[in-house]
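The values are calculated or read from the model by the stated rules, or taken from the named source; none is laboratory data. It should be emphasised that the depicted structure is a prediction, and the values quoted were computed from it without experimental measurement. Because the Cβ atoms are built from the backbone with ideal geometry, glycine has one as well, and the counts that use them run over all protein chains shown. We work out accessible area using only protein heavy atoms, side chains counted, and drop any ligands, DNA or RNA first. Shrake-Rupley method; radii C 1.70, N 1.55, O 1.52, S 1.80 Å.
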Amino acid sequence: MLENIRIVLVGTTHPGNIGAVARAMKNMMLEHLCLVEPKIFPSADATSGASGAVDILSAAKVCDSLQDAVADCSIVIGASARHRTISWPLLTPRVCAEKLATEARKQQVALVFGRENSGLKNSELDQCQYLLNIPCNLEFSSLNLAAAVQVISYELFMASGLSEDVDSEREDP
């Protein structure tokens, strides 16, 4: 199921964040990273930030538009710290992961994260069917890009059932 899940980063400006996202993905067994118009990639900073997840960086697909990045996906979910005036159906990380896990058993799906300083534009969210919002401190609600990816990657890992396999391997002598 996880092989059909794509993490899409739009307009990243700091290559270290790309590496940190790759690391977060690899921790939770996600492999497919797509970059839409990254300011700097490839980069030694991305490689350094990946801390062993260089295979994900090497396989990352770079696209000129979000439309190209998600063209073959049946469900596209955009992440945002801001609640928008346009009402996309809003999902929590757990519900988002369950929805993606179910759909990814059959088809490609994508989770889209925006620019570090401003997130996704409404025109980009128009290409998504749902909006993911990670509940946190209302007075400080902007998560680091890799931290946001880590939260949802964990939920996807749990929804996949693979955590049970990992736990049983730890218990075997």
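Applying 1/(1 + (r/R0)^6) with r as the Cβ-Cβ distance of THR102 and THR13 and R0 = 30 angstrom yields a FRET efficiency of 0.35.
Under 8 Å for C-alpha pairs, at least 6 residues apart: give me the relative contact order for the chain, rounded to a whole percent.
Working: 321 pairs, mean separation 51.7, N = 173.
Dividing the mean separation by the residue count of the chain yields 30 percent.
Beta bridges assigned by DSSP with both partners in the chain are antiparallel in approximately 5 percent of cases. The portion of the accessible surface of segment 26-145 made up by carbon and sulfur, rounded to a whole percent, is 50 (1.4 Å probe; DNA, RNA and ligands excluded). Applying 1/(1 + (r/R0)^6) with R0 = 22 Å to the Cβ-Cβ distance of PHE140 and THR92 gives a FRET efficiency near 0.75. Extents of segment 46-101, largest first, come to 37, 24, 23 Å (Cα atoms, principal axes, whole angstrom). In this structure, GLN129 and SER65 have a Cβ-Cβ separation that, at R0 = 22 Å, corresponds to a calculated FRET efficiency of about 0.80. In the chain, the inverse of the mean reciprocal separation of distinct Cα atoms equals 16.1 Å; this is its Kirkwood hydrodynamic radius. Skipping prolines and chain starts, which residues have an amide H placed within reach, meaning under 5 Å, of the one on ILE75, given they are 5 or more residues away or on another chain? Correct list: ALA110. Within straight-line reach of LYS121, meaning a Cα separation under 27 Å, sit the following lysines at least 8 residues removed in sequence or on another chain: LYS39, LYS61, LYS99.
Between HIS32 and ILE7, the built amide H atoms are under 5 Å apart, and every one of these is 5 or more places off in sequence or on another chain. On a per residue basis, the chain carries 52 Å² of accessible surface, using protein heavy atoms and a 1.4 Å probe.
In this structure, the amide hydrogen of LEU132, modeled 1.01 Å from its nitrogen in the peptide plane, lies closer than 5 angstrom to those of GLY78, ALA79, SER80, LEU91, counting only residues at least 5 positions away or on a different chain. Take the alpha-carbon centre of segment 114-147, take the same for segment 1-58, and report the distance between them in whole Å. Going from one Cα centre to the other spans 17 Å. Highest mobility in the GNM of the chain, judged by mean-square fluctuation with C-alpha springs under 10 Å and restricted to SER163, SER153, SER74, is found for SER163.
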